[in-house]
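Colleague: Structure in structure tokens, see below.
Computed from the coordinates by the stated procedures, all read-outs in this text should not be read as laboratory data. Remember, it's a predicted structure, so these values are computed and weren't measured experimentally. FYI the Cβ positions are ideal-geometry reconstructions off the backbone, even for glycines, and counts take in every protein chain you see.
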Amino acid sequence: MSKRFDLSTGWGRFRAYWHSIWGDHAFLRVGFSNAHWIGPDMVRAAQPWPFQLRWWKRDGIRTIINLRGGFDTGFYVLEREACERLGLKMVDFTITSREVPRRETVLGARDLFASIEYPALMHCKSGADRAGIMSVFYRHFHLGHPIREAVKELGLRTLHVKQGKTGVLDYVFERYLAEAEPKGISFIDWVQSDAYDRAKIKADFRASWWGTLLTDRLLRRE
């Protein structure tokens, strides 16, 4: 139970909604959820409101994957309560939007998509960056799509801006496609090899100033 947002009291529930609406910009997501079916059994989206979770339950969704963390926040406690009330399985799988994924994270994503109950919905805050890279993993590991095709999930269609610091996610796949795919090395084998040097990949990536301004200052992406 959250120490800050006790939903058993009216004041705690008010604080949770207030924090979600203003602190997490939930008012922007009332009419726009950036939701897209990316396969026969998976939806990617922005942070859902509790009433939106009810709609997704009606549409057959069984599992909600929270990619954000945020375990003591208004949006999280409201989402957790809504999932429990609706009989939805909620899974927490925290991933970052400005770092090269750890090997354990990539392997964890592969195992996650092999174990959850479908249909499922996964979300971050805006549905653009963390939902984007996880959509690439879903299409590659679960649907069997090659990385060259799956990487299309990182794009402006879902408001992902590769020119900012979040573009490091794209750069990971660009390095794989340039260095390992031509040699016939699978993505998972590359990630588990010494060639997958997270520090070097991060150091080699360059974000543009205007992309960083857009994603970090104007859009305020997590």
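Colleague: Out of residues 5 or more away from VAL91 or on other chains, whose amide H comes under 5 Å of its own, with H placed 1.01 Å from N in the peptide plane?
Modeller: Long-range HN contacts for VAL91: ILE64, ILE65, ASN66.
Colleague: Here's another thing I want to ask about it. If the chain between ARG54 and GLU174 were fully stretched, how many nm would it gain, using 0.36 nm times the residue separation less the Cα-Cα distance?
Modeller: Working: separation 120, 0.36 × 120 = 43.20 nm, distance 3.80 nm.
That works out to 39.4 nm of additional length.
Colleague: Nearest 500 deg cm²/dmol is fine: what mean residue ellipticity at 222 nm does the chain get from its DSSP H runs of n ≥ 4 alone, each adding -39,500 (n - 2.57), divided by its residue count?
Modeller: So the helix-based figure for the chain works out to -10500 deg cm²/dmol.
Colleague: Next question. With loop defined by DSSP as not H, G, I, E or B, and exposure as at most 14 other Cβ atoms within 10 Å, which is the longest segment of the chain clear of exposed trypsin sites (Lys or Arg not before Pro)?
Modeller: The longest such stretch corresponds to 103-205.
Colleague: Another question about this same structure. Please determine, in degrees from 0 to 90 and to the nearest 10, the orientation of helix 74-86 with respect to the longest principal axis defined by the Cα atoms of the chain, where the helix direction is its Cα long axis.
Modeller: It works out to around 80 degrees.
Colleague: Turning to a different aspect of this structure: Could you work out how far the C-alpha centroid of the range 9-70 sits from that of the range 71-140, in angstrom?
Modeller: With the range 9-70 and the range 71-140 each reduced to a Cα centre, they are spaced 12 Å.
Colleague: Take every DSSP beta bridge whose two residues both sit in the chain, then give the antiparallel share in percent to the nearest 5.
Modeller: Working: 3 of 15 bridges.
Taking every DSSP beta bridge with both residues in the chain, the antiparallel ones total about 20 percent.
Colleague: Using only Cα atoms and rounding to the nearest 10 degrees, what angle (0 to 90) does helix 168-179 make with the longest principal axis of the chain?
Modeller: That works out to roughly 30 degrees.
Colleague: What FRET efficiency comes out for SER8 versus ARG103 if R0 is 35 angstrom and r is the Cβ-Cβ distance? Round to the nearest 0.05. Don't jump to the answer; show the numbers that get you there.
Modeller: Values: r = 41 Å, r/R0 = 1.17.
Efficiency, from the Cβ-Cβ distance: 0.30.
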